[in-house]
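Asks: Handing you this structure, nothing more for now.
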Amino acid sequence: MEKSNAPFATGPATDPNKHHLRFHLAHVHLAPVFGNDWFALKAEAFARFFGTPVFLVGQTVIVTIWIIINVMALTSRWRFDEYPFILLNLAFSLQAAYAAPLILLAQTRQADRDKAHSEADAAHREELAKASTERLALAAEQTAKLVELMDQNTRLTELTNELSKRIEQLTAEMHARLVQNAADAAAGKSGG
């Protein structure tokens, strides 16, 4: 099974424009510190190991045993690096010769990754600000339409109220006329 070095996977079901890390896609090549091949991965692991407590404690134990063997050894057969411990100094020099470039390379690549991530984050913030501005404009437009609809509703309510009053007035006038006509007709029958 092949292992992917990408920090996230995109497939046909995933829309790359909707993925929250889409701005980092352009910088995926910076994910491994030393590259993608076997040596690069081992070099990165080695450089990372230099800063761990396991390495520091292990190195301290080895140096302590080295010094004890060479200082306290009862026979000269066990003394392979007498004081001033030139072989131990040579080992430290060799370690520093390999560690320093690896650590510097890791720091340089980390700076590149940090810069790329900050640029991607800035692009993400810009898109968020643009989307927020668009949402605010849409909300303002919808609010204006809602206010306009409320004004129309108010005018329609006032018009309905006026028409209801007019209908009530006309109904009262018609009622009065009908009552008057009925009264006149009743008076005309009784008088005639």
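Asks: Of the residues in region 81-124, how many are modelled with pLDDT under 85 and acidic (Asp, Glu)?
Replies: Number satisfying all stated conditions: 3.
Asks: Considering Val63, Val71, which residue is open to solvent by less than 60 Å² (accessible area, probe 1.4 Å) and more than 40 Å from the chain's Cα centre (by Cα)?
Replies: Val63
Quick grid of which residues meet (1) in a helix (DSSP H, G or I); (2) under 30 Å from Val61 (Cβ atoms); (3) open to solvent by 80 Å² or more (accessible area, probe 1.4 Å); (4) among the acidic types (Asp, Glu):
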residue: Ser93; (1), (2), (3), (4): yes, yes, no, no
residue: Asp112; (1), (2), (3), (4): yes, no, no, yes
residue: Ser118; (1), (2), (3), (4): yes, no, no, no
residue: Ala123; (1), (2), (3), (4): yes, no, no, no
residue: Arg135; (1), (2), (3), (4): yes, no, yes, no
residue: Ala139; (1), (2), (3), (4): yes, no, no, no
residue: Thr154; (1), (2), (3), (4): yes, no, no, no
residue: Ala182; (1), (2), (3), (4): yes, no, no, no
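Asks: Take the residues of region 26-50 that are at pLDDT 70 or above and in contact with a helix residue (DSSP H, G or I) (Cβ under 8 Å, 6 or more places away or on another chain): which is most open to solvent (accessible area, probe 1.4 Å)?
Replies: Arg48
The values are calculated or read from the model by the stated rules, or taken from the named source; none is laboratory data. Values in this document were obtained by computation on a predicted structure and should not be read as measured data. Counting neighbours? That spans all protein chains shown, and the Cβs are built from the backbone with ideal geometry, glycine included. Accessible surface areas use protein heavy atoms only, side chains included; no ligands, DNA or RNA. Shrake-Rupley method; radii C 1.70, N 1.55, O 1.52, S 1.80 Å.
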